Amino acid sequence: MAQRLTHPSLLPAVPAQEIPRRPLSLGVHVQRIEIEDLVVTDHRLVLAHARTAARQDPDTAALLGHSPTTPLTLQAAAALLAALHTTDELTGMGMGMRIVRTTTRTTAATQHPTPSSWNCPTHPTRTTDAHPHPAPAWASRPG
C-alpha cells in the first residue's frame, strides 16, 4: 500500500534559509526509462524490412543471431528493427508493428555520505490495445 504524503501546507514551518549566491550542487540524480511494448501486425513487412536492415547494418544483425547462413526469426527481426529505428518510425512508416503500451520507470538517488534512493515502479502511461499484453520480464528487473 502506498504511503500517503502530507500536503505541504500542513507541514510545520521551516525557518528561512539564506540562498547561496551561486548554484548549489545537491548531488541528486534522476533516471527515467521509457519501456514501449510493440506487437507485430504484419509479419511479412517486419521480415522484409529486417532483411534490408540486416544488409545495411550486418554488425547489429549479427548481435541478434543473424548471419548469411542463418535467416532471421520473427522475434530477431522485430528486435533488429526496434534497435535501429525509433518507435515513431516503427509505427508510422508501415513497418508492420504498432505500440501497445508505454511504461515509464523513474529512479532518483542522492550522492551524499548517506545515500538514499527512490524507485518508482513502472506505471503504464498509454495503452492502445483492448487487451494489453503483460509487461515483459525484463521490465520488472531491478536496474
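The values are calculated or read from the model by the stated rules, or taken from the named source; none is laboratory data. Quick caveat, the model's predicted, so the values are computed rather than measured. Note that each Cβ is placed from the backbone with ideal geometry, even for glycine, and that neighbours are counted across all protein chains shown. Accessible surface areas use protein heavy atoms only, side chains included; no ligands, DNA or RNA. Shrake-Rupley method; radii C 1.70, N 1.55, O 1.52, S 1.80 Å.
Tell me yes or no: at least one residue of segment 105-128 is more than 30 Å from Gln3 (Cβ to Cβ) and at pLDDT below 90. Yes: segment 105-128 contains one or more residues that are more than 30 Å from Gln3 (Cβ to Cβ) and at pLDDT below 90. Checking the structure you have, find out if any residue of segment 60-68 is modelled with pLDDT of 85 or more and either closer than 19 Å to Arg44 by Cα or among the charged types (D, E, K, R) (or both). Scanning segment 60-68, I find at least one residue that is modelled with pLDDT of 85 or more and either closer than 19 Å to Arg44 by Cα or among the charged types (D, E, K, R) (or both), so the answer is yes.
Residue-wise test of (1) open to solvent by 50 Å² or more (accessible area, probe 1.4 Å); (2) among the hydrophobic types (A, V, I, L, M, F, W, C); (3) over 24 Å from the mean Cα position of the chain (by Cα).
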residue	(1), (2), (3)
Arg21	yes, no, yes
Val30	yes, yes, no
Glu34	yes, no, no
His49	yes, no, no
Pro68	yes, no, yes
Leu90	no, yes, no
Arg98	yes, no, no
Ala108	no, yes, no
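Every test in (1) open to solvent by 100 Å² or more (accessible area, probe 1.4 Å); (2) in contact with a strand residue (DSSP E or B) (Cβ under 9 Å, 6 or more places away or on another chain) is passed by Ala61 save one, and that test is (1). Among the residues examined, Thr86 qualifies as open to solvent by 40 Å² or more (accessible area, probe 1.4 Å), among the polar types (S, T, N, Q) and modelled with pLDDT of 85 or more.
Applying a threshold of 6 Å to beta carbon distances and a minimum spacing of six or more residues, or different chains, the list of pairs starting in segment 94-112 at a residue that is farther than 27 Å from Val39 by Cβ and ending at one that is of a type in the set (A, V, I, L, M, F, W, C) reads Ala108/Val30; Ala108/Trp118; Thr110/Val28.
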